[in-house]
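Working notes, structure below.
The values are calculated or read from the model by the stated rules, or taken from the named source; none is laboratory data. Note that this is a predicted model, so its numbers are computed, not measured. Counting neighbours? That spans all protein chains shown, and the Cβs are built from the backbone with ideal geometry, glycine included. Note: areas computed on protein heavy atoms with side chains; ligands, DNA, RNA excluded. Shrake-Rupley method; radii C 1.70, N 1.55, O 1.52, S 1.80 Å.
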Amino acid sequence: MLSMASMSDRIPTFLVLFLLFCCVQGQMNQNFYQKSCPNLQTIVRSVVSQAIATEARMGASLLRLFFHDCFVQGCDASILLDDTQTFTGEKTAFPNVNSVRGYEVIDAIKSQVEASCQATVSCADIVALAARDSVNLLGGPTWNVALGRRDARTASLSQANSDLPGPGSSLSTLISMFNAKNLSAQDMTVLSGAHTIGQGQCFLFRDRIYNDVNINASFAALRQQTCPISGNDSNLAPIDVQSPVTFDNAYYVNLVNQKGMFHSDQELFNGGSQDSLVQQYSTDSAAFFTAFAKSMVRLGGITPLTGKSGEIRLNCRTVN
Ligand code: HEM
């Protein structure tokens, strides 16, 4: 039996702990829309699944869309805002323009979600769920997505230009750009495994296949066939030479074989600090999958807007 004195000592402690738990966790959790939009996850998965059935690459595009959203102002759907005469968004930033895809799929999900639960679910949460489902539908792991993000009323062209890594980045630049988002070097190496799916444009890997040293000669020759030394800038090639529409650990096998598509990819296996992790994932896909799921949750936690900040956009392309 607790004496009255010790109970009155303890109750406030419980209360404090409870409040701390609820609030430090932020307002985000995987059941955030359980009552207000019970069909959300079914809708997202079915639209993503149809989109991937039409074009498998769309899974890759939706995964990248999430990365480019989260690295600029946090996971707040800022990337989805269209430019207008009085507003400049992120879509024309160098890393995004003529490159980021999937906006129409997010629109399609949003309109079904609005039909089912009006003015309830943020575009930022839809992007996070679409990325998760894309990975899983292409053969990768799944994970629980904490929900409750809200949508930005602003975007930042300049941050999109400065905060997203480019294909020529060195290992130290990659590590510091991820560190700047509270992600570790390991998160960076793990998340780069996303390059097991999707396509890249010639002008972004031209330097790599003509001027780099740590590249497999027959791989360089293969890529040179469709990416000439000048011209045909937007010709596409699969980033993962082995299995571009399957989410697997082949990205790391490629790196070990000096078949990284971008200079930035091969930087992860070039005699530096990430070599041993790359080596490990190249032979242990289960370890990669587990780590990828964890790092995606961390990516999705970059400075979200929660509570009363931001808004729930009705149309993902414009602020309310
Ligand atoms: C580590 C630094 C990274 C660099 C330098 C980088 C760079 C690039 C580049 C240059 C492209 C090709 C774009 C084009 O040709 O238009 C690309 C594509 C892609 N990136 Fe990354 N990326 C990085 C990290 C990530 C991360 C963290 C993810 C996701 C978690 C990701 C997912 C993808 C996907 C899936 C594609 C293919 C998209 C498609 O086919 O539409 N990347 N990336």
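Being over 15 Å from Thr120 (Cβ atoms) and among the charged types (D, E, K, R) is the filter here; which residues of the range 34-56 pass it?
The answer is Arg45, Glu55.
Of all residues being within 6 Å of the ligand (Cβ to nearest atom) and touching a helix residue (DSSP H, G or I) at 6+ places or on another chain (Cβ under 7 Å) in the range 192-204, which is nearest to Ser230 (Cα to Cα)? Just the residue, please. Outline the logic, then answer.
Keep residues of the range 192-204 that are within 6 Å of the ligand (Cβ to nearest atom), which gives 192, 194-195, 197-201, 204.
With touching a helix residue (DSSP H, G or I) at 6+ places or on another chain (Cβ under 7 Å) added as a condition, the list becomes 192, 194-195, 197-199.
Details: Ser192: 28, Ala194: 28, His195: 25, Ile197: 26, Gly198: 23, Gln199: 19 Å.
Checked the range 192-204; the qualifying residue nearest to Ser230 (Cα to Cα) is Gln199.
For the range 219-245, what are the residues that are surrounded by fewer than 22 Cβ atoms within 10 Å (Cβ to Cβ) and either of a type in the set (Gly, Ala, Ser) or assigned to a helix (DSSP H, G or I) (or both)?
Phe219, Ala220, Ala221, Leu222, Gln224, Ser230, Gly231, Ser234, Ala237, Ser243
May I ask you to verify whether Asp207 is more than 8 Å from the ligand (Cβ to nearest atom), of a type in the set (Asp, Glu) and either crowded, with 17+ Cβ neighbours inside 10 Å or outside any loop (DSSP other than H, G, I, E, B) (or both)?
Numbers: more than 8 Å from the ligand (Cβ to nearest atom): yes; of a type in the set (Asp, Glu): yes; either crowded, with 17+ Cβ neighbours inside 10 Å or outside any loop (DSSP other than H, G, I, E, B) (or both): yes.
Criteria met by Asp207.
What helices (runs of 4 or more DSSP H) completely inside the range 246-320 contain at least 2 residues that are among the basic types (Lys, Arg)?
On the way: elements: 250-256, 263-266, 275-283, 285-299.
Per the criteria, 285-299.
Sort through Thr92, Thr88, Thr120, Thr142 and tell me the only one that's under 14 Å from the mean Cα position of the chain (by Cα) and either of a type outside the set (A, V, I, L, M) or closer than 20 Å to Met58 by Cα (or both). Let's see the steps before the verdict.
Details: Thr92 fails: under 14 Å from the mean Cα position of the chain (by Cα); Thr88 fails: under 14 Å from the mean Cα position of the chain (by Cα); Thr120 fails: under 14 Å from the mean Cα position of the chain (by Cα).
Going through Thr92, Thr88, Thr120, Thr142 in turn, the sole match is Thr142.
Can you pull out the residues in the range 100-132 that are of a type in the set (Asp, Glu) and open to solvent by 10 Å² or more (accessible area, probe 1.4 Å)?
Filtering the range 100-132 for residues of a type in the set (Asp, Glu) gives 104, 107, 114, 125.
Hits for the range 100-132 are Glu104, Asp107, Glu114.
Could we say that Val48 is part of a loop (DSSP other than H, G, I, E, B) and either within 16 Å of the ligand (Cβ to nearest atom) or assigned by TED's automatic domain parsing to the domain that holds Pro95 (or both) here? I'd like the intermediate steps shown before the answer.
Working: part of a loop (DSSP other than H, G, I, E, B): no; either within 16 Å of the ligand (Cβ to nearest atom) or assigned by TED's automatic domain parsing to the domain that holds Pro95 (or both): yes.
Taking the combined requirement at face value, the residue does not satisfy it.
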